[in-house]
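Colleague: Okay, handing you the structure first.
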């Protein structure tokens, strides 16, 4: 009986050992990918590139060259003239000079041909800056004052100004209010009556510059005339009231050197010659003012000193 109880106890111990369960240590799973961290990116919004609409852009080589405009000035071709030196003289583009006058071959300029001088084009443009928007109650920012440099006058602006001045001059002449500049710096040594009511003699050193008194065109260049020596006649497109309808002509005599050519356009104040001397050896300039062949007293029209 005792042996049977011991055997039963051993059986219970064996069964208890067989029924125990081993507990495994936790295993970390490293096979999965760690989650991504999102980082915000600034300025990722796409900007559209503006594309010019049809008709707003054209390659330069396909654009049509504008027709040159006449400035009102003219030049008569003389010996030695070329398209290039004429354009340089008047400050214009040689191609525009050719187009305006329909010159096909620049090497074949006929002597005596009158060429129209074009107005130089100014294709520059300047866009205005957009105005700043200011909300109510917002202080308006102050900016330092910047003095804007005065832009030089363009050839077209200069031509327009000259035309306006000439028109004012013609209107003043028609009213009898015209005053003309002196042709040379000096003192009158013979007045209108002492020259036989032809003009005045102005004493000046030999070589002194002689200036055109008005805008005009060189009408004649002569030499060896009694009382005049070498001289120049300039024709002006103005008429004085109560006088013949022909334009005014000025005469510059006793010259040592002539600086202009026949049919050349000259401006008031432009040097056209240098003072010489009379046949009696007196250094002076003979100056005359005529209209329709009739001598006028220059002292009535010269600026008061």
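The values are calculated or read from the model by the stated rules, or taken from the named source; none is laboratory data. Note that the coordinates shown come from a computational prediction; the quantities given were computed from them, not determined experimentally. Here Cβ is always computed from backbone atoms with ideal geometry, including for glycine, and neighbour counts include all displayed protein chains.
Colleague: Tell me which residues, restricted to region 75-97, are touching a residue at least 24 places away in the same chain (Cβ under 8 Å) and over 10 Å from residue 118 (Cβ atoms).
Modeller: Of everything in region 75-97, those that are touching a residue at least 24 places away in the same chain (Cβ under 8 Å) and over 10 Å from residue 118 (Cβ atoms) turn out to be 75, 76, 77, 78, 79, 81, 82, 83, 86, 91.
Colleague: Which of the residues that make up region 200-230 are closer than 12 Å to residue 286 by Cβ and modelled with pLDDT of 95 or more?
Modeller: 200, 201, 202, 203, 204, 210
Colleague: Right, next: Can you work out which of the residues in region 209-220 that are in a strand (DSSP E or B) and surrounded by 18 or more Cβ atoms within 10 Å (Cβ to Cβ) is farthest from the chain's Cα centre (by Cα)?
Modeller: Of everything passing the filter in region 209-220, 210 is farthest from the chain's Cα centre (by Cα).
Colleague: Additional query: At pLDDT 80 or above, assigned to a loop (DSSP other than H, G, I, E, B), closer than 26 Å to residue 259 by Cβ and not assigned by TED's automatic domain parsing to the domain that holds residue 270: does that describe residue 110?
Modeller: So residue 110 passes the test.
Colleague: Still on this structure, please answer the following. Would you check which residues across region 186-207 are touching a helix residue (DSSP H, G or I) at 6+ places or on another chain (Cβ under 9 Å), outside any strand (DSSP E or B) and either without any contact (Cβ under 8 Å) to a residue 40 or more places away in the chain or crowded, with 19+ Cβ neighbours inside 10 Å (or both) and list them?
Modeller: Across region 186-207, the qualifying residues are 192, 199.
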